[in-house]
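Structure first, then comments.
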Amino acid sequence: MLVVLYIILAIIAILVLVALIAPKKFHVKRSIVINRSLPEVFDYLKYIKNQDHWSPWKRKDPNMKQESVGIDGQVGFINKWEGNKNVGIGEQELTRLVQNDSVESQLRFFKPWKSESNAYLKVNKIDDQHTEVVWGFSGVNKVPANVFMLFFNMDKMVGKDFEEGLSSLKKILDNPN
């Protein structure tokens, strides 16, 4: 009986230790150069609804239901979605705009799992006709869900989607016809 108790205590100690060392934060970002001036790129990016044209998640469920609250391109605008298992249910709220610099938003996922992340689109001037766009997001992995992050590479998984989205964005903005 005492051996079973020691085994149970050892398992609990291992689980606590793993939860303590597992990643508690994540940050994923990718970038691309767009052949347009910085103000033109920023003016396109500040509208959340424009993401419907280049976001990889819209392609994963073109029939997702969407609802908007507020005025797109202004702080406080919320875009809500309800889609298939590939996109889930959630909302994106525009939280900060810095003219010709960055667009920040909060992503709130409700299904398939509940989480919150901070997303951003940052523009950097390369020259008068070339702009770097940096797309990223970050968040906190709460215990015990952070243990899952030992087996799931957020950068690899989401980074691939970011690269696909930025490539689509480049096609749209490089060839605006």
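Give region 79-128 a look and list any residue that's in contact with a Ser or Thr (Cβ under 7 Å, 6 or more places away or on another chain) and either on the phi > 0 side of the Ramachandran plot or β-branched (V, I, T) (or both), or say none.
T95, V123
Residue-by-condition table, conditions (1) crowded, with 16+ Cβ neighbours inside 10 Å; (2) modelled with pLDDT under 90:
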site	(1), (2)
K65	no, no
K114	no, yes
I126	no, no
V133	yes, no
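Tell me, yes or no, whether region 140-160 has at least one residue that is polar (S, T, N, Q) and either at pLDDT 95 or above or part of a strand (DSSP E or B) (or both).
Taking every residue of region 140-160 in turn, none turns out to be polar (S, T, N, Q) and either at pLDDT 95 or above or part of a strand (DSSP E or B) (or both).
Restricting attention to region 44-65, which residues are of a type outside the set (S, T, N, Q) and under 22 Å from V123 (Cα atoms)?
As a first pass, look at region 44-65 and keep what is of a type outside the set (S, T, N, Q): 44-49, 52-54, 56-62, 64-65.
Correct list: Y44, L45, K46, Y47, I48, K49, D52, H53, W54, P56, W57.
Scanning for something at pLDDT 95 or above, closer than 16 Å to W57 by Cβ and under 12 Å from the mean Cα position of the chain (by Cα), does region 72-87 turn up at least one residue?
no
One residue is enough: does region 20-30 have a residue meeting the conditions small (G, A, S), surrounded by fewer than 17 Cβ atoms within 10 Å (Cβ to Cβ) and more than 16 Å from the chain's Cα centre (by Cα)?
No: region 20-30 contains no residue that is small (G, A, S), surrounded by fewer than 17 Cβ atoms within 10 Å (Cβ to Cβ) and more than 16 Å from the chain's Cα centre (by Cα).
The values are calculated or read from the model by the stated rules, or taken from the named source; none is laboratory data. Quick caveat, the model's predicted, so the values are computed rather than measured. Glycine gets a Cβ as well: all are built from the backbone with ideal geometry, and neighbour counts include every protein chain shown.
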